[in-house]
Amino acid sequence: MIEARQLTKRYGDKTAVDGLDFTVKPGTVTGFLGPNGAGKSTTMRMIVGLDAPTSGSVTVNGHHYARHRAPLQEVGALLEAKSIHPGRSAYNHLRALALTHGIPRRRVDDVIELAGLGSVAKKRAGAFSLGMGQRLGIAAALLGDPQTVMLDEPVNGLDPEGVLWIRNLLTSLAEDGRTVFVSSHLMSEMALVADHLIIVGRGRLLADTTVRDLVREAGGDTVHVATEDPARLRDVLAGPGVDVTGRIGSEELQVTGVSAREIGLKAAEHGIALFELSTRQVSLEQAFMDLTKDAVEYHGSTTGSDTVDSLEQTA
Amino acid sequence: MSTLTAPTEAPPAAPGRPVYRVSGRRVLTSEWAKLWSLRSTWITLGLGLLFLVAFGLIASSRYKSGIGSGHMDRDFARSTAVSLSLFGTNFAQLALGVLGVLVTAGEYSTGMIRSTLAAVPRRLPVLWSKAAVFGVVALVIGTLGVFVAFLFGSRIVSGTPAAMDFSHAGVVRSLLGAGLYLGLVGVIGTALGSLLRSVAGGISVLVATLMLVPGLVSLLPSSWQDDISPYLPSNAGESMFALTHDATSLSPGAGLLVFLGWTALALAGAAYRLLRSDV
C-alpha cells in the first residue's frame, strides 16, 4: 500500500510533481503512466526517500519509508537510473545489499536464479547489457521479499522474452497479494498487465482509474447503428447503463452499453430494419493521448496523428 | 527464520515471512564486503603499502650511501632512522586519502548510492560505517607499512648518526602516530568524498588541504604564520608522528587533538549534506 497526499516536489521554479494524491492498493498491478517528464521517476524516488518532498507526504504501509525497520522488505524498487557499481559483480552487489538486512545468502542465490542471471552472476556488472542490468535491478528489488514492488520502466532494454517474463512476474506478484506499482510511458504495455491506472502529466494527476473505466470514459466501445426507425430503436434499447445518441432526423445512432450482437437481436425481435451495425473500439492509446495531449512536455515537430492511427490498429 | 521472532519485535509482515532488520553492525558488515569486492581497493591499498615501505627503504639507503661517500645532501643532514623510514608517508597519504574519496564519492558517480540509501534510508549509518571500515583498514595498512619500513630501514642506517631501534625513546610512539595519521587521512578522504559527491572534487580538496595550503600560508605575514601554521591539518598531523617538536609545532598529543578536530569537522559537514540533500 502506497499513499501519496498532496505530494509536491519543486526544483527551483520548476515543479516536477504538483500536489499528487493517490493510493496504490495491494493485490493488483497499478500502472503509473505519463509522458516523459511527467514526474513519474521523481515520485518514485520520493516513495523510497531518495528525494525529500517539498511539501506533502508519501507513506508505504502506513509509515514513511525511512521509518521501517527493514525497508527492503517493505518496498523493492527498480529505479530508472543505474544504481550499481560497475566494478562489482552481480553477486557481490546483491550480497552487499542483503548484508544490511541480515538477508541470508540463500535468498541472494534465489533472486539471481529468478532473474535468470545464474551464468553471469560472478561477472562485473559494468559489462552487462542493458537488459542484463535491468534484470539485476529487478533481482535487487525482489531481494527483501517485499510487500510492495515498485518498478520504473522495467521493460526498457529487454528483449521480447524478457518483456514476457516481466509481465508474468508482475501478475504473479499481484496474485500473491503484493502491491505492484509499475511506471511506463507506453499505454500499450500497461494495458496488458495493469488493472488500475494512475495517469500523470506535468506532475499533476490526470486520472486515477481502471483500464475499463478509462476506455468507457473516453467513449467506450461504441456501436454505430443505421436504422430505418431510429426513434423506435431508441425505445427498444433504452435501459440502465445504455446511452444512445444521434442527430434528430438522422438514421444513424451511436450506442454504448450494449453489444452489437444484442442490438441486432433486439432489432430483429421488434422487426426493425438495420442498414449498418458496427463496433468502434476506442484504443487505450487514443484515450491516453487525449488525456495527456495538453500535458506533453516535449512535443515532436510533426503531429502525432499518424502514430495514433497505427497504434490504434495494433491495439 | 520465523522461529526467531521475538514477541516485541514482530513486524507488520504476514506470518511465515522471514524477519529481516537493518542494524548498525549489519551496515558495517555490508560496507566491509563492498570495500573488498572492488579491484581498485586491492590495487590502491597495495600501492599505499608499497609507497610506505619502498620510499622508506630508498630514503634510508640514500642516507647510508651519502654518509659513506662523505658528502651529504642538506635535506638528509638532520635525519633519524624514524624520519627516513617515514619518508613514504607523504605518498601513502595520497593513495589512502584518494581511496577514501573513492569509497564514498565513487558511489555517487556510479549511482550505487541509490541502492545503498534505499537499503539504509536513515543514511547516517552508511557514512559512519564507511568512515569506520575504511579508517580501520587505512590505520592497519599504515601502521604495518611504517613498522616494516622502520624494521628494515633502521638496519640499513645502523652504525650511522641516524641509527635508532625500537627501544629508543619515542620511536614506537612516533610509528604508531604515523599509522594513526594515515588512518585519519583515510577517514577525511571518505568524509570529503561524501561531502562533495564528486571523485575529482574530493581528491582536489584533499590534495589542496594536505599539500597546497601549507605553502599558501607561507605568504602570510610571519606573525600570523606562527599562530596559524601549527594548526593546519598537515602540520598538526605531522606533529603526531614527529620524533621531536619545537616552539613552532604542536606536541604529539595536541597535534592528535587538532587533527581529530579537523576529521570531526569534515565528518560533520558530510553528515549534514547526506541528511539534507537529495541523491
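In this structure, A:Gly177 qualifies as in a loop (DSSP other than H, G, I, E, B) and either surrounded by fewer than 19 Cβ atoms within 10 Å (Cβ to Cβ) or not hydrophobic (A, V, I, L, M, F, W, C) (or both). Counted as qualifying within region A:206-292 are the strands (runs of 3 or more DSSP E) with 1 or more residues that are free of Cβ contacts under 8 Å to residues at least 24 places away in the same chain, namely A:243-245.
Here is a check on your reading of the model: is B:Val199 in contact (Cβ under 8 Å) with a residue 24 or more places away in the chain, surrounded by fewer than 20 Cβ atoms within 10 Å (Cβ to Cβ), within 14 Å of chain A (Cβ to nearest Cβ) and under 18 Å from the mean Cα position of the chain (by Cα)? Spelling it out, B:Val199 is indeed in contact (Cβ under 8 Å) with a residue 24 or more places away in the chain, surrounded by fewer than 20 Cβ atoms within 10 Å (Cβ to Cβ), within 14 Å of chain A (Cβ to nearest Cβ) and under 18 Å from the mean Cα position of the chain (by Cα). Does B:Ile188 satisfy the criteria of being in a helix (DSSP H, G or I) and either buried (at least 22 other Cβ atoms within 10 Å of the Cβ) or without any contact (Cβ under 8 Å) to a residue 60 or more places away in the chain (or both)? Here the answer is yes, as B:Ile188 does meet what is asked. Identification of strands (runs of 3 or more DSSP E) wholly contained in region A:3-94 with 2 or more residues that are acidic (Asp, Glu), surrounded by 24 or more Cβ atoms within 10 Å (Cβ to Cβ) and assigned by the TED database to the domain that holds A:Arg167 yields no element.
Can you pull out every residue in region B:164-176 that is within 16 Å of B:Val148 (Cα to Cα), hydrophobic (A, V, I, L, M, F, W, C) and surrounded by fewer than 19 Cβ atoms within 10 Å (Cβ to Cβ)? Let's see the steps before the verdict.
Narrowing region B:164-176 to residues within 16 Å of B:Val148 (Cα to Cα): B:164-167, B:171-176.
Filter once more, so that each one left must be hydrophobic (A, V, I, L, M, F, W, C): B:164, B:166, B:171-172, B:175-176.
If the condition is that a residue be within 16 Å of B:Val148 (Cα to Cα), hydrophobic (A, V, I, L, M, F, W, C) and surrounded by fewer than 19 Cβ atoms within 10 Å (Cβ to Cβ), then B:Phe166, B:Val172, B:Leu176 are the ones that fit.
Put simply, of A:Val193, A:Val182, A:Val255, A:Val244 the only residue that is of a type outside the set (Asp, Glu) and within 30 Å of A:Asp13 (Cα to Cα) is A:Val182.
Filtering region B:102-142 to residues that are away from chain A (no Cβ under 14 Å) and surrounded by fewer than 19 Cβ atoms within 10 Å (Cβ to Cβ) leaves B:Ala132, B:Val136, B:Val140.
Just to be sure before I move on: is B:Thr110 among the polar types (S, T, N, Q) and more than 23 Å from the chain's Cα centre (by Cα) in the structure I sent? Break it down into steps so the answer makes sense when it comes.
Values: among the polar types (S, T, N, Q): yes; more than 23 Å from the chain's Cα centre (by Cα): yes.
Spelling it out, B:Thr110 is indeed among the polar types (S, T, N, Q) and more than 23 Å from the chain's Cα centre (by Cα).
The numbered conditions (1) more than 19 Å from the chain's Cα centre (by Cα); (2) more than 14 Å from chain B (Cβ to nearest Cβ) are all true for A:Pro35 except (1). Count of region A:159-174 residues, restricted to those that are of a type outside the set (D, E, K, R) and either outside the structural domain of A:Gly116 (by the TED database) or in contact with a Gly (Cβ under 7 Å, 6 or more places away or on another chain) (or both), is 2. Pairing residues of region B:247-270 that are farther than 16 Å from B:Leu210 by Cβ with residues that are basic (Lys, Arg) and in a helix (DSSP H, G or I), at Cβ distances under 9 Å and at least 6 apart in sequence or on separate chains, gives B:Pro252/B:Arg173. Residue-level analysis places A:Pro104 among those that are more than 20 Å from B:Leu38 (Cα to Cα), facing chain B (nearest Cβ under 8 Å) and either surrounded by fewer than 19 Cβ atoms within 10 Å (Cβ to Cβ) or at pLDDT below 95 (or both).
Provide a single number: the residues in region A:107-116 that are outside any helix (DSSP H, G or I) and buried (at least 22 other Cβ atoms within 10 Å of the Cβ). So that I can check it myself, show each step before the final result.
Residues of region A:107-116 outside any helix (DSSP H, G or I): A:115-116.
Next, from what is left, pick out any that are buried (at least 22 other Cβ atoms within 10 Å of the Cβ): A:115.
Here the count works out to 1.
Being under 18 Å from B:Asn90 (Cα atoms), modelled with pLDDT under 95 and not small (Gly, Ala, Ser) is the requirement here; does B:Phe241 meet it? Judged against the criteria, B:Phe241 is a match.
For (1) under 30 Å from A:Val17 (Cβ atoms); (2) acidic (Asp, Glu); (3) assigned by the TED database to the domain that holds A:Leu197; (4) modelled with pLDDT of 85 or more, each residue gets a yes or a no:
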position	(1), (2), (3), (4)
A:Pro240	no, no, no, no
A:Glu252	no, yes, no, yes
A:Glu269	no, yes, no, yes
A:Ile272	no, no, no, yes
A:Thr303	yes, no, no, no
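Could you list all residues from region A:136-159 that are of a type in the set (D, E, K, R) and assigned to a strand (DSSP E or B)? Of everything in region A:136-159, just one residue is of a type in the set (D, E, K, R) and assigned to a strand (DSSP E or B), namely A:Asp152.
If the requirement is being within 11 Å of A:Ala77 (Cβ to Cβ) and either assigned by the TED database to the domain that holds A:Leu94 or surrounded by fewer than 19 Cβ atoms within 10 Å (Cβ to Cβ) (or both), which of these qualifies: A:Ala141, A:Ala125?
Values: A:Ala125 fails: within 11 Å of A:Ala77 (Cβ to Cβ).
From the options A:Ala141, A:Ala125, the qualifying one is A:Ala141.
None of A:Gly162, A:Gly133 is free of Cβ contacts under 8 Å to residues at least 60 places away in the same chain, within 14 Å of another protein chain (Cβ to nearest Cβ) and in a helix (DSSP H, G or I) except A:Gly133.
Residue-wise test of (1) charged (D, E, K, R); (2) surrounded by 20 or more Cβ atoms within 10 Å (Cβ to Cβ); (3) on the phi < 0 side of the Ramachandran plot.
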| residue | (1), (2), (3) |
| --- | --- |
| B:Tyr231 | no, no, yes |
| B:Glu238 | yes, yes, yes |
| B:Phe241 | no, yes, yes |
| B:His245 | no, no, yes |
| B:Thr248 | no, no, yes |
| B:Gly255 | no, yes, yes |
| B:Leu265 | no, no, yes |
| B:Val279 | no, no, yes |
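Which residue, of B:Leu99, B:Leu84, is crowded, with 24+ Cβ neighbours inside 10 Å, within 23 Å of the chain's Cα centre (by Cα), within 14 Å of chain A (Cβ to nearest Cβ) and within 19 Å of B:Phe51 (Cβ to Cβ)?
Details: B:Leu84 fails: within 14 Å of chain A (Cβ to nearest Cβ).
Step by step, each of B:Leu99, B:Leu84 is checked, and only B:Leu99 is crowded, with 24+ Cβ neighbours inside 10 Å, within 23 Å of the chain's Cα centre (by Cα), within 14 Å of chain A (Cβ to nearest Cβ) and within 19 Å of B:Phe51 (Cβ to Cβ).
The rows are residues; the columns are (1) touching a strand residue (DSSP E or B) at 6+ places or on another chain (Cβ under 9 Å); (2) within 24 Å of B:Ser85 (Cα to Cα); (3) among the polar types (S, T, N, Q); (4) in a loop (DSSP other than H, G, I, E, B).
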| position | (1), (2), (3), (4) |
| --- | --- |
| B:Ile228 | no, no, no, no |
| B:Ser234 | no, yes, yes, no |
| B:Asp246 | no, yes, no, yes |
| B:Phe259 | no, yes, no, no |
| B:Ala271 | no, no, no, no |
| B:Leu275 | no, no, no, no |
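The values are calculated or read from the model by the stated rules, or taken from the named source; none is laboratory data. Note that the structure is a prediction, hence the values are computed from the model and not measured. A quick note on method: Cβ atoms are made from the backbone with ideal geometry, for glycine too, and the neighbour counts reach across all protein chains shown.
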